[in-house]
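> Let me begin by handing over the structure; questions about it come next.
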């Protein structure tokens, strides 16, 4: 039996979730569900939904991560340049370290 303080997996059902008015209990219920193997995804989703009803500030934020093709191209170019600079620095450092090991 999975338990988190006074909340057990047997206690958590849709009726309990809908009657619960404390976000802390719902968070504990989510931990209990996850600890029990995370099989009850509907109950977990209901906990999140109820938490949002109790405190709208807890609503998950959705971000628009779409970028323009030109921005994507520029970012990839910057990453490639950064990677090349690291590789060139590594090529200088590694032989120096190997030379020091040989000389000692």
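Where a number appears in this text, it was derived from the coordinates with a stated rule and is not lab data. What you see is a predicted model; the values in this text were computed from it and never measured. Cβ: placed from backbone, ideal geometry, glycine included. Neighbour counts: every protein chain shown.
> Before anything else, pin down the relative contact order of segment 3-58: Cα pairs under 8 Å, at least 6 apart, normalised by residue count, whole percent. Can you show the working numbers first?
Details: 46 pairs, mean separation 21.7, N = 56.
39 percent.
> Where q = 0.16, 0.21, 0.25 Å⁻¹, what log10 of I(q)/I(0) comes from the Debye formula for segment 3-58, counting one point per Cα?
The Debye formula, applied to the Cα set alone, gives -0.39, -0.67, -0.95.
> Can you compute the modelled spin-label distance between residue 82 and residue 57, with each label point 7 Å from Cα toward Cβ, in nm?
Between residue 82 and residue 57, the simple spin-label model gives 3.3 nm.
> Continuing with the same structure: Using 0.36 nm per residue, how much length does the chain from residue 11 to residue 34 gain when fully extended, once their Cα-Cα distance is taken away?
Numbers: separation 23, 0.36 × 23 = 8.28 nm, distance 1.45 nm.
In short, 6.8 nm is gained.
> For each of 80, 36, count neighbouring Cβ atoms within 10 Å of the residue's Cβ, then give the residues from fewest to most.
Details: 80 10, 36 16.
Starting with the residue having the fewest Cβ neighbours, the order is 80, 36.
> Can I ask one more? What's the exposure ranking of 20, 47, going from fewest to most Cβ atoms within 10 Å? Walk me through the numbers before you get to the answer.
Values: 20 18, 47 25.
Listed from fewest to most nearby Cβ atoms, that is 20, 47.
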